[in-house]
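A.B. asks: Before anything else, here's the structure in question.
The values are calculated or read from the model by the stated rules, or taken from the named source; none is laboratory data. This one's a predicted model, so the numbers in the text were calculated from it and none came from an experiment. Please note: Cβ atoms are built from the backbone with ideal geometry, for glycine as well, and neighbour counts cover all protein chains shown. All accessible areas refer to the heavy atoms of the entire protein, side chains included, with ligands and DNA or RNA removed. Shrake-Rupley method; radii C 1.70, N 1.55, O 1.52, S 1.80 Å.
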Amino acid sequence: MPSLLEQVRRYESEIIKIRRKIHSNPELANAERATSTLVIRKLEALGIRSTKVAGTGVLGVLKGRGNGKVVALRADMDALPVEEHVDVPFKSKKKGVMHACGHDTHVAMLLGAAMLLTENIEKLTGTVKFIFQPAEEEGGIGGAGPMIKAGVMSNPKVDYVFGLHIDATFPSGVFALRGGPLMAAPDTFFIRIHGMGGHGSEPHKTVDPIYVSSQVINALQGVSARMTDQTQPFVISVCSIHSGSAHNIIPDDALLEGTMRTFDEKTRSRSKKQLNQVTKTICRAFGAECEIRFKENTYPVTRNNERVALKVAHSLREVRGTRTIKCEPILGAEDVSRFLQRAPGVYYFLGTRNEKKGCIYPNHSPQFKVDEAVLKYGSVSLAKLALEFASQS
Ligand SMILES: [Zn+2]
Ligand SMILES: [Zn+2]
């Protein structure tokens with residue numbers, strides 16, 4: 001019996017062709033029309049029943065020969081508002097839009113997994129759901145939530161979910177993962193401080209929102225350093241301040257914006273309360289008023305199931321030509337977190353850093369370049385996990 005790695009040779013050029021086609025025609029969040037049409041066409045050609053879900057999302061369902069588990073494999077499809085600075089024949093044809101996060105490769109690798117799984121349908125004892133989600137880069141509502149609402153995780157209910165992200169920090173052919181929290185929950189906050197403006201020479205006749213802001217910014221670091229368990233990763237950063245118009249006028253208002261990153265829901269909700277309490281108390285102490293708002297519907301923590309992660313690491317280690325390592329958590333965020341809240345599973349990284357090929361720039365860089373030789377490993381890994389977890393008892 002040939003291995004998946006031997007079988008994938010037949011599909012490799014097709015996988016790369018699909019990736020290049022999507023790369024040259026990148027589409028922004030919730031506008032992935034050509035991409036989802038291509039996905040449906042490819043799935044149908046393989047005999048996989050597929051439907052459009054929640055706008056530009058696509059769900060494909062492949063039933064195997066038995067009543068085994070239901071495994072969902074997820075890829076995101078959207079590009080970024082970045083002007084491409086890589087000179088390749090399949091360079092983006094759209095000004096200011098680029099697949100700078102590699103989601104084009106995710107679509108191609110998942111379609112490659114679909115090719116492998118249809119070839120191995122006799123060995124598939126359960127059902128595989130192929131989830132192609134829009135709008136991962138949207139950062140708030142995203143594309144996963146609406147797809148879940150539309151029912152992609154039920155009927156039949158998904159037992160396991162897997163997905164991968166191509167990543168330029170790891171060398172080509174390296175799988176990186178960990179059990180437990182992998183990526184953070186990102187909470188954007190907005191604080192408007194209302195003071196009372198006046199002359200810069202007479203601060204005692206004003207309520208100076210700039211001075212109050214400086215106290216608030218200092219105190220917020222205390223939420224991190226003095227109110228949070230130091231064994232919990234936690235970041236709070238004020239990244240924008242807007243206030244004032246001239247050197248001698250104390251303004252009425254100041255607007256602060258920032259981000260809070262946490263790895264567990266308890267720390268997350270407690271820190272939000274503490275941010276509120278600290279900010280309000282300081283403002284009140286100096287006679288200012290404030291409005292505090294958190295962006296709604298931001299992504300939850302991306303949490304890998306510990307038990308499943310052990311099995312996945314073991315399984316990936318069997319893919320010849322690759323290496324599997326344990327990685328540290330990162331403070332970025334991912335919409336895949338919403339699928340992982342609904343079913344146990346694992347999100348993992350596939351390295352694409354290759355100095356010889358000039359693949360050295362990070363994801364989201366206008367010079368981001370993928371080592372296409374690793375795409376076959378991505379397809380094999382997804383197909384392998386689907387086959388193995390579909391037959392779990
Ligand atoms: Zn990204
Ligand atoms: Zn991404």
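A.B. asks: Taking the range 263-289 only, how many residues are open to solvent by less than 30 Å² (accessible area, probe 1.4 Å), modelled with pLDDT of 95 or more and either farther than 16 Å from Val238 by Cβ or of a type in the set (A, V, I, L, M, F, W, C) (or both)?
C.D. replies: 4
A.B. asks: Shifting gears a bit: Mind counting the residues in the range 144-173 that are under 15 Å from the mean Cα position of the chain (by Cα) and not hydrophobic (A, V, I, L, M, F, W, C)?
C.D. replies: 4
A.B. asks: Name, by its number, the condition in (1) exposed (fewer than 12 other Cβ atoms within 10 Å of the Cβ); (2) polar (S, T, N, Q); (3) over 19 Å from Gly140 (Cβ atoms) that does not hold for Ser240.
C.D. replies: (3)
A.B. asks: Further question on the same structure: Please specify each residue of the range 79-90 satisfying the condition of being in contact with a strand residue (DSSP E or B) (Cβ under 9 Å, 6 or more places away or on another chain) and away from ligand 1 (no atom under 11 Å from the Cβ).
C.D. replies: Correct list: Pro81, Glu83, Glu84, His85, Val86.
A.B. asks: So in the range 146-190, with the set limited to residues that are among the β-branched types (Val, Ile, Thr) and closer than 30 Å to Arg49 by Cα, which one is most open to solvent (accessible area, probe 1.4 Å)?
C.D. replies: Ile148
A.B. asks: Does Lys205 count as within 26 Å of the chain's Cα centre (by Cα), open to solvent by 70 Å² or more (accessible area, probe 1.4 Å) and not acidic (Asp, Glu)?
C.D. replies: When the stated conditions are applied, Lys205 does not pass them.
A.B. asks: Counting just the residues of the range 103-126 that are in a loop (DSSP other than H, G, I, E, B) and either small (Gly, Ala, Ser) or open to solvent by 10 Å² or more (accessible area, probe 1.4 Å) (or both), which one comes out nearest to ligand 2 (Cβ to nearest atom)?
C.D. replies: Across the range 103-126, the extreme among qualifying residues is Gly126.
A.B. asks: Please verify whether Ile141 is open to solvent by 30 Å² or more (accessible area, probe 1.4 Å) and under 16 Å from the mean Cα position of the chain (by Cα), treating the condition exactly as stated.
C.D. replies: In short, yes.
A.B. asks: Report, by residue number, each residue of the range 246-278 that is in a strand (DSSP E or B) and charged (D, E, K, R).
C.D. replies: Asp253, Glu257, Arg261
A.B. asks: Right, another one. Condition first: farther than 14 Å from Ser365 by Cβ and either outside any loop (DSSP other than H, G, I, E, B) or without any contact (Cβ under 8 Å) to a residue 24 or more places away in the chain (or both). Now tell me which residues in the range 78-88 satisfy that.
C.D. replies: Result: Asp87, single match.
A.B. asks: If only one of Gly358, Gly345, Gly321 is open to solvent by less than 70 Å² (accessible area, probe 1.4 Å), under 15 Å from Ala72 (Cα atoms) and more than 14 Å from ligand 2 (Cβ to nearest atom), which one is it?
C.D. replies: Gly345
A.B. asks: If I go through the range 302-318 residue by residue, how many of them are in contact with a strand residue (DSSP E or B) (Cβ under 7 Å, 6 or more places away or on another chain) and either buried (at least 18 other Cβ atoms within 10 Å of the Cβ) or of a type in the set (A, V, I, L, M, F, W, C) (or both)?
C.D. replies: Of the residues in that region, 9 qualify.
A.B. asks: Right, here's the next one. List pairs: first in the range 303-332 and within 15 Å of Tyr347 (Cβ to Cβ), second at pLDDT 95 or above and open to solvent by 100 Å² or more (accessible area, probe 1.4 Å), Cβ under 6 Å, 6+ apart or cross-chain?
C.D. replies: The qualifying pairs are Thr324/Arg317.
A.B. asks: Name the pairs: first residue in the range 342-367 and under 14 Å from Pro171 (Cβ atoms), second residue acidic (Asp, Glu) and part of a strand (DSSP E or B), Cβ to Cβ under 7 Å, at least 6 apart or on different chains?
C.D. replies: Phe349/Asp167; Leu350/Asp167; Gly351/Asp167; Thr352/Asp167
A.B. asks: Given the conditions (1) farther than 24 Å from Gly358 by Cα; (2) basic (Lys, Arg); (3) open to solvent by 10 Å² or more (accessible area, probe 1.4 Å); (4) touching a helix residue (DSSP H, G or I) at 6+ places or on another chain (Cβ under 7 Å), which single one is not true for Lys63?
C.D. replies: Just one mismatch for Lys63, condition (4).
A.B. asks: Considering only the range 66-89, state which residues are over 21 Å from Phe130 (Cα atoms) and either of a type in the set (A, V, I, L, M) or surrounded by 24 or more Cβ atoms within 10 Å (Cβ to Cβ) (or both).
C.D. replies: If the condition is that a residue be over 21 Å from Phe130 (Cα atoms) and either of a type in the set (A, V, I, L, M) or surrounded by 24 or more Cβ atoms within 10 Å (Cβ to Cβ) (or both), then Leu80, Val82, Glu84, Val86, Val88 are the ones that fit.
A.B. asks: Of the numbered conditions (1) more than 16 Å from ligand 1 (Cβ to nearest atom); (2) in a strand (DSSP E or B); (3) closer than 26 Å to Glu136 by Cα, Phe339 satisfies every one except a single condition; which is it?
C.D. replies: So the condition that Phe339 fails would be (2).
A.B. asks: Only one of Ser92, Ser13 is part of a loop (DSSP other than H, G, I, E, B), of a type in the set (Ser, Thr, Tyr) and either open to solvent by 20 Å² or more (accessible area, probe 1.4 Å) or in contact (Cβ under 8 Å) with a residue 12 or more places away in the chain (or both). Can you tell me which?
C.D. replies: Checking each option against the conditions leaves just Ser92.
A.B. asks: Out of all the residues in the range 32-76, which are in a loop (DSSP other than H, G, I, E, B) and either more than 22 Å from the chain's Cα centre (by Cα) or without any contact (Cβ under 8 Å) to a residue 60 or more places away in the chain (or both)?
C.D. replies: Within the range 32-76, Leu46, Gly47, Ile48, Gly64, Arg65, Gly66, Asn67, Gly68, Lys69 meet the criteria.
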